Amino acid sequence: MTPDNVTYLPRGVRLHRCGVRNEWFLLAPERAMRLDEIGIAILSELDGARSVRDIVAGLAERYAAPAEMIANDVATFLSELHRRRMVEVQ
Amino acid sequence: MSAVPVPLALLAEVTHRCPLRCPYCSNPTSLVKRSAELSTATWLDLFRQAAGLGILHVHLSGGEPAARSDLPELVAGVAETGLYSNLITSGVGLRESVFARCVEAGLDHVQLSIQAADAGTADRIGGYRGGFATKLEVAGWVTSYGLPLTVNAVVHRQNLDRLPEIIALARQLGARRLEVAHTQYHGWALLNRDALMPTPEQVERARAIVEEAGGRMVIDYVPPDHFATWPKACMGGWGRYGMTVTPEGVVLPCQAAESIPGLEFESVTDRSLSEIWRNGLAFATYRGTDWMPEPCRSCERREIDWGGCRCQAMAYLGNPGATDPACSRSPHHSQFRSRALGFAEAGVDSFTYRG
């Protein structure tokens, strides 16, 4: 995953809030991944238009955190989901 | 008494009708007739109940779900609840216009079965001429409508040696995911185990082929347990993650649970899904660890394997409350293994086709 990549959730992968558990999940074929706040924040930004770099900058500003640290978290998280075909790159 | 977990998945066997006659089918040998199937309205109510229970995935399966003319309504019913809808189909009997209505209704994913990578073998195994060609066409619809496609290949002695071709075919069809699932020996498959049981060498080779496959397609490999050290945590543990609803509305802890005599199963026509899941006797009987005999009870893996498969203990030992004989710690393990070897070497190729 590079800062220039533009990522998106492919069809068949979507966020879902379970009211019974009061938690968010990323649903995909045969997969349900429980999301923490960071996961929700990152995935909510994927729009298939902005680059990973732009998303990191936005999150750094919103959470008043160093961009380098966020960049690392975002790249690790998205790379893993990309490997599992739950995130695609344009 | 263990706490009752929030379930993840509902397998809705909306019909037992199916044009294919696969000898590895895990449906029971006594199939539910069309006249006994639940109505559209009852299924839709059931999906709402499933959402209320915390379920996340609804698998529309069968039999062949496309045998029901209300398939798009069923998909719409799942979509309305926000739950993830998965159509598990053979492709045979599914018309493009019906599929298009399912997509429009919000279908999330399609899992398409294949029996082999060539028409001759596939149609012989499926017991339906022309089935293979139909599947290729259906795979094309799925990808052209932009839906994620999983190809599901149930493997056994008679198709395992062509696993590389099966993987290549799934790639060629544009599958995002491939499931290579060893046959589960329940229902019709149990009848056919002398024609289906793989040899240990085939199993070993298959594992290596999957590991080395590479590429972007996700491959999920469901290993067999006959030649393994530890049993499979069937259903991830009885009454922990999922449930199956039969075409007539009976709620089961696993697809094959009706093979266990003495368990009382309840129907959604009599009681709510929530009550059956939480308080139903069939679910409570083997949920958690309280029911376990030794060697499970004191085993450090008791909450990993959950005692293995109850139906397998029933099928091989006549005792559903026994440790799964697939476990190397079962006193019956070596006998179980040598019986499996016997089936693998039976030299029988002819099938008893599903009715």
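What follows is calculated from the coordinates using simple rules that are stated; it is not laboratory data. Keep in mind it's a predicted model, so treat the numbers as computed, not measured. Note: ideal-geometry Cβ built from the backbone for every residue, glycine included; neighbour counts use all protein chains shown.
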* Asked: What are the residues in segment B:36-70 that are touching a Ser or Thr at 6+ places or on another chain (Cβ under 8 Å), part of a helix (DSSP H, G or I) and either of a type outside the set (A, V, I, L, M, F, W, C) or away from chain A (no Cβ under 14 Å) (or both), if any?
  -> B:T42, B:F47, B:R48, B:Q49, B:G52, B:P65, B:A66, B:A67
* Please identify the pairs in which a residue from segment B:192-217 that is within 14 Å of chain A (Cβ to nearest Cβ) has its Cβ atom under 8 Å from the Cβ atom of a residue that is surrounded by fewer than 20 Cβ atoms within 10 Å (Cβ to Cβ) and part of a helix (DSSP H, G or I), counting only partners at least 6 apart or on another chain. => B:G215/B:R171; B:M217/B:R171
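What number of residues in segment B:321-352 are assigned to a loop (DSSP other than H, G, I, E, B) and within 24 Å of B:A195 (Cβ to Cβ)?
12
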* **Residues (surrounded by 21 or more Cβ atoms within 10 Å (Cβ to Cβ) and assigned to a loop (DSSP other than H, G, I, E, B)) located in segment B:213-236** => B:P224, B:D225, B:H226, B:P231, B:K232
* To do: Give the number of residues within segment B:206-265 that are in contact with a His (Cβ under 6 Å, 6 or more places away or on another chain) and closer than 18 Å to B:T285 by Cβ.
  => 1
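Can you work out which of the residues in segment B:1-35 that are among the charged types (D, E, K, R) and assigned to a loop (DSSP other than H, G, I, E, B) is surrounded by the fewest Cβ atoms within 10 Å (Cβ to Cβ)?
Pass one, segment B:1-35, residues among the charged types (D, E, K, R): B:13, B:17, B:21, B:33-34.
Imposing the further condition that a residue be assigned to a loop (DSSP other than H, G, I, E, B) reduces the set to B:17, B:21, B:33.
On the way: B:R17: 19, B:R21: 17, B:K33: 12.
Here the answer is B:K33.
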* Asked: Is there a residue being touching a strand residue (DSSP E or B) at 6+ places or on another chain (Cβ under 6 Å), buried (at least 19 other Cβ atoms within 10 Å of the Cβ), farther than 22 Å from B:V58 by Cβ and within 13 Å of chain B (Cβ to nearest Cβ) anywhere in segment A:72-87?
  -> yes
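I'd like to verify a number: residues in segment B:256-265 that are in a loop (DSSP other than H, G, I, E, B) and surrounded by fewer than 23 Cβ atoms within 10 Å (Cβ to Cβ), how many?
To start, the set of residues in segment B:256-265 that are in a loop (DSSP other than H, G, I, E, B) comprises B:256, B:260-265.
Filter once more, keeping what is surrounded by fewer than 23 Cβ atoms within 10 Å (Cβ to Cβ): B:260-265.
Residues that pass the stated criteria total 6.
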* Which numbered condition trips up B:A189, out of (1) more than 14 Å from chain A (Cβ to nearest Cβ); (2) in a helix (DSSP H, G or I); (3) surrounded by fewer than 23 Cβ atoms within 10 Å (Cβ to Cβ)? -> (3)
* Structure fact -> Filtering segment B:297-320 down to residues that are assigned to a loop (DSSP other than H, G, I, E, B), small (G, A, S) and crowded, with 16+ Cβ neighbours inside 10 Å yields B:G307, B:G308
* Only one of (1) touching a Phe, Trp or Tyr at 6+ places or on another chain (Cβ under 7 Å); (2) surrounded by fewer than 23 Cβ atoms within 10 Å (Cβ to Cβ) is not met by B:G77, so which one is it? -> (2)
* **From the options B:G52, B:G126, B:G130, B:G82, residue that is more than 30 Å from A:F25 (Cβ to Cβ) and surrounded by fewer than 19 Cβ atoms within 10 Å (Cβ to Cβ)** => B:G130
